[in-house]
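**Q** Submitted below is the structure of interest, expressed as structure tokens.
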Amino acid sequence: MGVFEDSFVQPKRLLDESDEEYWGRVQRASDRVEAVTEGATSPAPPNPPICPECGLEADRFPTLSRAWVLLEPLEPVNVLPAHFVPPRQRWLINGDGVAWNPWNAEPTEGAQCRISHTVACPGIEPPDLWPWLTAMRKENERRAQRLFNPPRPSEPGLPDVG
Ligand SMILES: [Zn+2]
């Protein structure tokens, strides 16, 4: 898995577990990872659609992975041009009222979307919206460190090559 993938660790199979039980458990675990990755962490009904972190109300929708997501209310945010919104943060609503997230799919020209409350919540540390860019920045930090701050030969723990 690279920086473009999310960490899903397949659960170990339990002794005496049938195929059906095991794969059901794998499915539920992957749904949970997906829901958290996408910000679909809303309290389920009958709890009110209120963010537990900041107390603001948002628009709640069921998701394809059977979680619940709080989307920013249309007032005052409104729908956004999809190309303004980072990948995996673009939420669409099906005709049947189910919210889904097209992940890394390139938005079509003129496409619009909504965003989850998670990325706009004042009570949550913002997620890393551009993980590939973060990985590149860290790699450049390592490269710059090697280039401009090479380890000194007198540093303890390094072999004496002089
Ligand atoms: Zn909030």
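The values are calculated or read from the model by the stated rules, or taken from the named source; none is laboratory data. Everything numeric in this text was worked out from a predicted model, so none of it was measured. As a convention, Cβ positions derive from the backbone with ideal geometry for all residues, glycine included, and neighbour counts pool all protein chains shown.
**Q** Please enumerate the residues belonging to segment 27-44 that are surrounded by 14 or more Cβ atoms within 10 Å (Cβ to Cβ) and either in a helix (DSSP H, G or I) or at pLDDT 85 or above (or both).
**A** A29, S30, D31, R32, V33, E34, A35, V36, T37, S42, P43
**Q** I'd like the full set of residues that are assigned to a helix (DSSP H, G or I) and surrounded by 14 or more Cβ atoms within 10 Å (Cβ to Cβ), limited to segment 79-91.
**A** A82, H83
**Q** Could I ask something else about it? So which residues in segment 51-78 are of a type in the set (A, V, I, L, M, F, W, C), surrounded by fewer than 17 Cβ atoms within 10 Å (Cβ to Cβ) and farther than 16 Å from I124 by Cβ? Give the derivation first.
**A** Step one: list which residues in segment 51-78 are of a type in the set (A, V, I, L, M, F, W, C), which gives 51, 54, 56, 58, 61, 64, 67-71, 74, 77.
Adding the requirement that they be surrounded by fewer than 17 Cβ atoms within 10 Å (Cβ to Cβ) leaves 54, 56, 64, 74, 77.
Across segment 51-78, the qualifying residues are L64, L74, V77.
**Q** Only one of these is touching a residue at least 12 places away in the same chain (Cβ under 8 Å) and assigned to a loop (DSSP other than H, G, I, E, B): N47, N104. Name it.
**A** On the way: N47 fails: touching a residue at least 12 places away in the same chain (Cβ under 8 Å).
Unique residue meeting the criteria: N104.
**Q** Could you check segment 107-157 and list, in sequence order, the residues that are touching a residue at least 40 places away in the same chain (Cβ under 8 Å) and within 16 Å of the ligand (Cβ to nearest atom)?
**A** Within segment 107-157, R114, I115, S116, H117, T118, V119, A120, C121, P122, G123, I124, P127 meet the criteria.
**Q** Sticking with this structure for a sec: Testing V77 on (1) touching a residue at least 24 places away in the same chain (Cβ under 8 Å); (2) within 16 Å of the ligand (Cβ to nearest atom); (3) closer than 21 Å to T37 by Cβ, one condition comes back false. Which one is that?
**A** Condition not satisfied by V77: (3).
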